Amino acid sequence: MDDGLIEGEDGLVRCFWPGNLPDYVAYHDNEWGLPVDNDHRLFEKICLEGFQSGLSWLTILRKRENFRRAFAGFDFEKVARFDDDDIARLLADPGIVRHRGKIVSTINNAKRALEMRDEFGSLAAFFWRHEPQAHERPERFTWEVLRANPTTPASVRLSKELKKRGWTFVGPTTVYAFCQAMGLVNDHIEGCHCRERNEAARAAFVRPV
């Protein structure tokens, strides 16, 4: 663990944080850090990172299908129309995190997402405009770099821009976790079997405009 890596039961070396939990390993290997340009998936990711605040990501991951059912598949056109009855329904749903502030925030952010889509054409076009420049990234992404940086200058800038646009539960730490999850950065640790694959995926990815 000194280098932030573990060897899994499958013999593959990966970042330490999923341990050997099958669902967590699948998320790490098949989703985390791969570039995303689907608006509903992007909206889901940033909302779930907001719900994760104060909790573990594993808790949210294991409730994700419940969240998807509760929030109309994170179709922000539908979520933006949620009303007080929907808030009451969500607060009574034991399958999700029943936090009024985060539920209300998700509905608010859906409305802000509609505004953003109208302005930029898609959420993807907006978020990928905030990809950090090469000089802002470390030459080697190590465990020391990861644990020392809960935020980055790019995530601070993006957080400020989102807040200016009326989004909530989008502090810089939450936004950095979102950037890691949706592939705006590749934060698999050097030596993880996913890192080079993600670099290749990012190199081939066509940035939305």
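Laboratory data are not the source of any read-out in this text; all were calculated from the coordinates shown. The model shown is predicted, which means the values in this text are computed figures rather than measured ones. FYI the Cβ positions are ideal-geometry reconstructions off the backbone, even for glycines, and counts take in every protein chain you see.
Miscellaneous remarks
- Efficiency of FRET between ARG98 and VAL156 - r from beta-carbon atoms, R0 41 angstrom, step 0.05: 0.85
- Cα-centred dipole magnitude for region 1-76, charges only on beta-carbon of K, R (+1) and D, E (-1), debye, nearest 20: 460
- Within-11-Å neighbourhood charge of LEU61 [Cβ basis; K, R +1; D, E -1]: 0
- Under a Gaussian network description of the chain, with springs only between Cα atoms under 10 Å, the residue in ARG147, ARG112, ARG41 that fluctuates furthest is ARG147.
- Normalised by residue count, region 1-86 yields a Cα convex hull volume of 110 Å³ per residue.
- Proximal charge balance of GLU119 [Cβ under 11 Å; K/R count +1, D/E count -1]: +1
- In the list [x] 1.26; [y] 0.96; [z] 1.10, the label attached to Rg/Rh (Cα atoms, Kirkwood Rh) as derived from the coordinates here is [y].
- Choice from ALA113, ALA148, ALA177 with maximal GNM fluctuation in the chain (Cα, 10 Å cutoff): ALA148
- Taking 20 Å as the limit for the C-alpha separation, the pairs LYS45/LYS102; LYS102/LYS164; LYS78/LYS111; LYS63/LYS164; LYS63/LYS102 exceed it in the case of LYS63/LYS164.
- Neighbour counts of other Cβ atoms within 10 Å put CYS47, CYS194 in the fewest-to-most order CYS194, CYS47.
- Computed per residue of the chain from DSSP H runs no shorter than four, each worth -39500 (n - 2.57), the mean residue ellipticity at 222 nm is -15500 deg cm²/dmol.
- For the chain, the membrane-span-like helix rule (DSSP H, alpha carbon extent of at least 18 Å along the helix axis, mean Kyte-Doolittle at least -0.5) picks out 39-52; this says nothing about an actual membrane.
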